[in-house]
Amino acid sequence: MVLHPGRDARLRAGHLWVYRAEIARLVGEAEDGETVTVLDAAGRHLGTGFLNTRSLITVRLLTTSDRDLDEAFFRERLERAAAFRRGVVADTTAYRLVFGESDLLPGLIVDRYAGTLVVQTLTAGMDRRREMLARLLLELTGAGSVYARNDPAVRRLEGLPRETGWVIPPRGGETGEAPAGDGPIEVAIDESGASFVVDVAGGQKTGFFLDQRENRVYAAGLVRGEVLDVFAYTGAWAVHAARRGAEVTAVEISERAAAAIARHAALNGVGDRCRVVTANAFDELRRLDRARARFDAVILDPPAFVKTRAALEGGLAGYKEINLRALKVLRPGGWLVTCSCSYHVAEAMLEAVVLDAARDAGRWVRLAERRSQARDHPVSLGVPETRYLKCLILEVE
């Protein structure tokens, strides 16, 4: 594959994606999912990666060297990913083992939940090697089973079906054993002293929001008194805060997730300090303000409001609205923990939104800390898309 003149600078700077519009011509024949060599316009070698002519991202590089992408290559890459996690992950049985481009394995996500690995093969090249990757992962980690959560919509852009199921099922009696029919596949995990039960088959993402792990633990050591956890999902922020003595009100629109919050609070012995409200977050924040309810801390961890650049304006309005409402129910001296997992919302944009909301609410805010995704979700400096999570911790007067 040869690129158009002047279209190699991004790859030389460390990015791994080749877009369709950058390609001058394909040399030879290769099927989607097979490996191709990428050359600049002068014929100089840029790297080797997986081809998919159906995708706008037509090639994803795995290496800049000239080597075969065989089993030995993937074993080496997976070993390096596992070694990195051994250095940065502690006090948890659930973490991200492989983070795509940040581990030079674009299109592959692997999360570990105790003895169960959950994989996402999001490109044609990785999907064709799913069984080999699963086998290597079990050999390298000692886990007992591999479950595929290949239901993200992005697979459609690769011409792949959305599907879930066991790649390597557990042996009898192991945690995460497949149910007789459709239903949850539950795995018990520990996170910094707290216990949770993750549904790897039906939960959000691969079952749990692992990227917020370090932020949850940090915030729990900071907030005190009455805490409002909005967009609470299955209660991880709430449980950590309650275990440190806070009285938490958790707001979640999904009845299934709300039931999980109550279950996790009871599991951790804080059922008396966690009140669950099943409601729309925007509506509940407005209701609390009208009722003059006030809190010592508010945690906002919403879903991505901006999934495409075209949705930026509307998404920023949504972020402003929830931050405005949160600021109105905070007591003076209270803490606001506000997050965005939208890649297209830069950290500076989020700060500007909070400042704008503070002006409208008549509140003064100061930034105590900027945080990001947990260290098991490392950022590749050459691939800015790998940094998506922003977490601001602010004191409010």
Problem set entry | Among the candidates ALA143, ALA148, residue that is in a loop (DSSP other than H, G, I, E, B) and either hydroxyl-bearing (Ser, Thr, Tyr) or touching a Gly at 6+ places or on another chain (Cβ under 8 Å) (or both) | ALA143
For this session: Could you tell me which of the residues ALA297, ALA304 is at pLDDT 95 or above and either outside the structural domain of LEU105 (by TED's automatic domain parsing) or surrounded by 15 or more Cβ atoms within 10 Å (Cβ to Cβ) (or both)?
Result: ALA297
Exercise. Filter region 379-393 for residues that are crowded, with 18+ Cβ neighbours inside 10 Å and touching a residue at least 60 places away in the same chain (Cβ under 8 Å); which is farthest from the chain's Cα centre (by Cα)?
Worked result: ILE393
Exercise. Does region 4-11 contain at least one residue that is modelled with pLDDT of 95 or more, surrounded by fewer than 17 Cβ atoms within 10 Å (Cβ to Cβ) and under 27 Å from the mean Cα position of the chain (by Cα)?
Worked result: yes
Exercise. Looking at region 45-57, which of its residues are in a strand (DSSP E or B) and within 22 Å of GLY159 (Cα to Cα)?
Worked result: THR48, GLY49, PHE50, LEU51, ILE57
Exercise. LEU288 is checked against (1) under 25 Å from GLY203 (Cα atoms); (2) touching a Phe, Trp or Tyr at 6+ places or on another chain (Cβ under 9 Å); (3) buried (at least 16 other Cβ atoms within 10 Å of the Cβ) and fails just one. What number does that condition carry?
Worked result: (1)
Exercise. Does region 317-337 hold any residues that are closer than 14 Å to LEU285 by Cα and not aliphatic (A, V, I, L, M), and which are they?
Worked result: GLY318, TYR319, LYS320, GLU321, ASN323, ARG325, LYS328
Exercise. Is it the case that some residue within region 167-182 is out of contact with any Gly (no Cβ under 7 Å at 6 or more places or on another chain), buried (at least 17 other Cβ atoms within 10 Å of the Cβ), modelled with pLDDT of 95 or more and not assigned by TED's automatic domain parsing to the domain that holds ARG275?
Worked result: yes
For this session: Could you please find all residues in region 27-44 being surrounded by 14 or more Cβ atoms within 10 Å (Cβ to Cβ) and either free of Cβ contacts under 8 Å to residues at least 12 places away in the same chain or assigned to a loop (DSSP other than H, G, I, E, B) (or both)?
Result: ALA30, ASP32, GLY33, GLU34, ASP40
Exercise. Hey, among ARG273, ARG290, ARG286, ARG294, which residue is without any contact (Cβ under 8 Å) to a residue 60 or more places away in the chain and in contact with a strand residue (DSSP E or B) (Cβ under 8 Å, 6 or more places away or on another chain)?
Worked result: ARG273
For this session: Have a look at GLY14, GLY107 and point out the one that is touching a residue at least 40 places away in the same chain (Cβ under 8 Å) and closer than 22 Å to LEU157 by Cα.
Result: GLY107
For this session: Kindly provide the set of residues from region 75-104 that are hydrophobic (A, V, I, L, M, F, W, C), in a loop (DSSP other than H, G, I, E, B) and touching a residue at least 12 places away in the same chain (Cβ under 8 Å), ordered by number.
Result: VAL89, LEU104
Exercise. Within region 151-165, is there a residue that is within 19 Å of the chain's Cα centre (by Cα), buried (at least 24 other Cβ atoms within 10 Å of the Cβ) and within 30 Å of ALA262 (Cβ to Cβ)?
Worked result: no
Problem set entry | Tally, over region 312-333, of residues that are in contact (Cβ under 8 Å) with a residue 12 or more places away in the chain, hydrophobic (A, V, I, L, M, F, W, C) and over 22 Å from ARG216 (Cβ atoms) | 3
Problem set entry | Candidate set: region 58-72, residues that are part of a strand (DSSP E or B) and out of contact with any helix residue (DSSP H, G or I) (no Cβ under 6 Å at 6 or more places or on another chain); chosen: the one surrounded by the most Cβ atoms within 10 Å (Cβ to Cβ) | VAL59
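The values are calculated or read from the model by the stated rules, or taken from the named source; none is laboratory data. Computed from a prediction, not measured in an experiment: that's the story for all the values here. When we count neighbours, we look across all protein chains shown, and the Cβ atoms used for this are built from the backbone with ideal geometry, even at glycine.
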